[in-house]
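**Student:** Dumping the structure here so I can ask a few things about it.
The values are calculated or read from the model by the stated rules, or taken from the named source; none is laboratory data. Just so it is clear, the structure is predicted and the values come from calculations on it, not from any experiment. So basically every Cβ, Gly included, is an ideal-geometry build from the backbone, and we count neighbours across all protein chains shown. To get the accessible areas, we keep the full protein, side chains included, count just its heavy atoms, and leave off ligands, DNA and RNA. Shrake-Rupley method; radii C 1.70, N 1.55, O 1.52, S 1.80 Å.
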Amino acid sequence: MSSQSQAGNKAWGGVFEEAADPRMEKFTESISFDQRLYRQDIRGSQAHAAMLGKIGFLTESEVTAIHDGLEGILKDIEAGNFEYSLKLEDIHMHVEKELINRIGDTGRKLHTGRSRNDQVSTDFRLWIRDAIDEMDGLLKNLQRAFVDRCDGDFDCIIPGYTHTQRAQPVLAPHYWLCYVEKYARDRERLADCRKRVNTLSLGAAALAGTSIPIDRFETARLLDFERVAANSLDVSSDRDFALEFVFCLTLIAEHLSTWAEEWILWSTCEYGFIKLPQKFCTGSSIMPQKVNPDLLELIRGKTARVVGSLQTLVVLVKGLILAYNRDLQEDKEPVFDAFDTVSASLSLAADMVRGAELNRESIGERLEKGYLDATTFMEFLIKRGIPQRTAHGMVGRLVRSAMNRGIALAELPLEEFQKECAELDESVYEILGVRRAIEAFQSYGSTAATQVREQIEAWKKRLEE
């Protein structure tokens with residue numbers, strides 16, 4: 001076979017007189033990773049064929065032949081009966097080549113009015129749209145896992161921290177709902193991202209559109225896109241949607257990492273707040289007593305991969321001139337890896353949350369440590385007419401006195417309080433202590449029992465929708 005005919009085997013080979021170097025084929029292939037776009041590629045091609053039929057460029061029988069041929073290819077891929085080759089470069093050429101093998105010249109008509117540039121973009125948008133929907137379901141499942149804990153843990157008070165120092169007491173379900181709120185924002189970001197993903201690029205062709213009178217709005221309707229890209233040059237080069245998606249994934253990973261870090265600390269003897277399900281822990285090859293929180297550590301560690309994927313994409317598109325450049329082939333692996341990493345983390349996190357147990361006895365033994373009631377005591381003084389800064393100083397001095405004696409505020413004698421404020425009487429003891437501090441909260445969104453109960457019920461309803 002001549003070098004010219006070897007080059008001609010490529011979809012783009014007509015103008016070439018020299019065959020591709022095998023090293024070049026290996027270096028430039030993407031089938032090893034973009035084969036996961038097969039469903040989206042086939043669906044997009046079926047819609048494109050249907051549109052070509054509607055405008056009269058394909059007969060009804062040709063549309064049917066293409067549709068059925070693609071369905072057969074889909075079934076074979078899903079059954080594992082499909083052979084991939086580096087020579088065919090990507091999933092798009094694999095599907096098209098196989099379609100031609102099955103239905104002949106009719107298959108050669110499928111690419112009318114489109115380029116691989118807009119085909120790739122469309123497939124990628126379809127895949128990310130599906131991935132967003134799947135990710136939303138995983139986030140919702142994790143939210144439910146936290147909400148499901150709330151009723152059973154409602155009577156448990158835990159210390160809240162700032163600067164890794166004990167600050168104020170909070171109800172355990174208030175802490176659980178904190179993460180429910182974070183994942184709600186993640187879902188909102190994904191939903192907003194989906195709006196921009198859900199734009200049809202098919203029909204932009206290589207970069208300038210096509211002289212074939214295609215109906216892009218019909219294609220959009222068939223593929224459930226909300227809008228059609230208005231500028232072919234822009235959409236040919238656009239990967240904003242991929243970057244935005246991975247940015248959303250990065251924030252999810254960061255939220256998971258924060259949670260994992262806290263529970264890693266909570267599971268130590270030093271904290272002793274929580275007992276992790278052993279099925280999500282590992283042991284040590286040398287220390288027989290160890291129960292290591294490896295799942296949480298890897299969720300925390302894999303966050304670096306997701307951040308790295310975002311960085312890869314940001315650098316990838318920096319300075320690319322319009323319109324399409326082959327650099328953009330490198331967009332898929334970081335997106336796929338970020339999605340796989342976050343989806344696996346979310347799935348495991350939900351089961352971890354459901355299976356963990358609060359060490360109530362250990363928490364209770366040290367709950368009065370750290371003067372968690374100091375701020376509530378200060379606000380008690382403010383409500384009696386003492387300026388905030390003055391009250392802050394008074395309570396600070398009382399805390400110092402208690403610290404020097406190694407006792408809680410509630411264990412100070414009345415005369416100590418009266419040194420700071422002569423008007424204080426025995427009623428001061430009615431607001432001291434962690435549980436009384438919890439009872440004193442009133443503001444919306446606080447850890448007050450009534451507020452937390454309202455939020456629990458509200459989230460139960462929202463997550464049923």
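**Student:** Out of (1) open to solvent by less than 20 Å² (accessible area, probe 1.4 Å); (2) out of contact with any His (no Cβ under 9 Å at 6 or more places or on another chain); (3) under 30 Å from residue 361 (Cβ atoms); (4) not acidic (Asp, Glu), the odd one out for residue 161 is which?
**Tutor:** (1)
**Student:** Of the conditions (1) farther than 19 Å from residue 129 by Cβ; (2) in a helix (DSSP H, G or I), residue 196 clears all except one; give me its number.
**Tutor:** Condition not satisfied by residue 196: (1).
**Student:** Taking residue 135 as meeting all but one of (1) farther than 20 Å from residue 255 by Cα; (2) within 22 Å of the chain's Cα centre (by Cα), write down the number of the exception.
**Tutor:** For residue 135, the exception is condition (1).
**Student:** Here's a follow-up. What's the total number of residues in region 431-465 that are more than 21 Å from residue 363 (Cβ to Cβ), open to solvent by 50 Å² or more (accessible area, probe 1.4 Å) and of a type outside the set (Gly, Ala, Ser)?
**Tutor:** Summing the residues that are more than 21 Å from residue 363 (Cβ to Cβ), open to solvent by 50 Å² or more (accessible area, probe 1.4 Å) and of a type outside the set (Gly, Ala, Ser) in region 431-465 gives 10.
**Student:** Please work out which residue is most open to solvent (accessible area, probe 1.4 Å), limiting yourself to region 74-101 and to residues that are outside any helix (DSSP H, G or I) and within 15 Å of residue 34 (Cβ to Cβ).
**Tutor:** Going through the qualifying residues, I end up with 84.
**Student:** Sticking with this one: So residue 287 passes all but one of these: (1) open to solvent by 50 Å² or more (accessible area, probe 1.4 Å); (2) assigned to a helix (DSSP H, G or I); (3) of a type in the set (A, V, I, L, M, F, W, C). Which condition number does it fail?
**Tutor:** (2)
**Student:** Also: Tell me yes or no: at least one residue of region 234-256 is closer than 17 Å to residue 345 by Cα, open to solvent by 60 Å² or more (accessible area, probe 1.4 Å) and of a type in the set (Ser, Thr, Tyr).
**Tutor:** Looking through region 234-256, none of the residues is closer than 17 Å to residue 345 by Cα, open to solvent by 60 Å² or more (accessible area, probe 1.4 Å) and of a type in the set (Ser, Thr, Tyr).
**Student:** With the condition kept exactly as written, say whether any residue in region 271-279 is open to solvent by 30 Å² or more (accessible area, probe 1.4 Å) and not in a helix (DSSP H, G or I).
**Tutor:** yes
**Student:** Let me ask something else. If the requirement is being assigned to a helix (DSSP H, G or I) and either aromatic (Phe, Trp, Tyr) or within 18 Å of residue 353 (Cβ to Cβ) (or both), which of these qualifies: 147, 170?
**Tutor:** 147
**Student:** Cβ contacts < 7 Å: first residue small (Gly, Ala, Ser) and open to solvent by less than 10 Å² (accessible area, probe 1.4 Å), restricted to region 120-138; second residue part of a helix (DSSP H, G or I) and modelled with pLDDT of 95 or more, any location; separation 6+ or different chain. Result?
**Tutor:** Filtered contacts from region 120-138: 121/235; 131/339.
**Student:** For residue 211, only one of the following conditions fails: (1) outside any helix (DSSP H, G or I); (2) under 30 Å from residue 54 (Cα atoms); (3) open to solvent by less than 50 Å² (accessible area, probe 1.4 Å). What is its number?
**Tutor:** The number of the failed condition is (3).
**Student:** Now, a different point. Take residue 294 and tell me if it is within 30 Å of residue 123 (Cβ to Cβ), of a type outside the set (A, V, I, L, M) and surrounded by fewer than 17 Cβ atoms within 10 Å (Cβ to Cβ).
**Tutor:** No; evaluated as a whole, the condition is false for this residue.
**Student:** Every residue in region 378-413 that is farther than 25 Å from residue 166 by Cα and in contact with a Leu (Cβ under 9 Å, 6 or more places away or on another chain), please.
**Tutor:** Listed by number, the list holds a single entry, 384.
**Student:** Here is a follow-up. Among the residues of region 47-73, how many are open to solvent by less than 30 Å² (accessible area, probe 1.4 Å), under 22 Å from residue 129 (Cα atoms) and free of Cβ contacts under 8 Å to residues at least 40 places away in the same chain?
**Tutor:** Looking only at that region, the number is 1.
**Student:** Is it the case, given these coordinates, that residue 196 is within 20 Å of residue 258 (Cβ to Cβ) and not aromatic (Phe, Trp, Tyr)?
**Tutor:** no
**Student:** Can you find, within region 188-208, the residue that is farthest from residue 232 (Cα to Cα) among those that are of a type outside the set (A, V, I, L, M) and surrounded by fewer than 19 Cβ atoms within 10 Å (Cβ to Cβ)?
**Tutor:** Checking each candidate, the answer is 188.
**Student:** Determine if region 385-407 includes at least one residue that is in contact (Cβ under 8 Å) with a residue 40 or more places away in the chain and either open to solvent by 20 Å² or more (accessible area, probe 1.4 Å) or under 16 Å from residue 375 (Cβ atoms) (or both).
**Tutor:** So far as region 385-407 goes, no, none of its residues is in contact (Cβ under 8 Å) with a residue 40 or more places away in the chain and either open to solvent by 20 Å² or more (accessible area, probe 1.4 Å) or under 16 Å from residue 375 (Cβ atoms) (or both).
**Student:** Can you tell me which residue among 415, 411 is out of contact with any Asp or Glu (no Cβ under 7 Å at 6 or more places or on another chain) and surrounded by 12 or more Cβ atoms within 10 Å (Cβ to Cβ)?
**Tutor:** From the options 415, 411, the qualifying one is 411.
**Student:** While we're here: For region 322-360, which positions are open to solvent by less than 20 Å² (accessible area, probe 1.4 Å) and part of a loop (DSSP other than H, G, I, E, B)?
**Tutor:** Matches in region 322-360: 323, 356.
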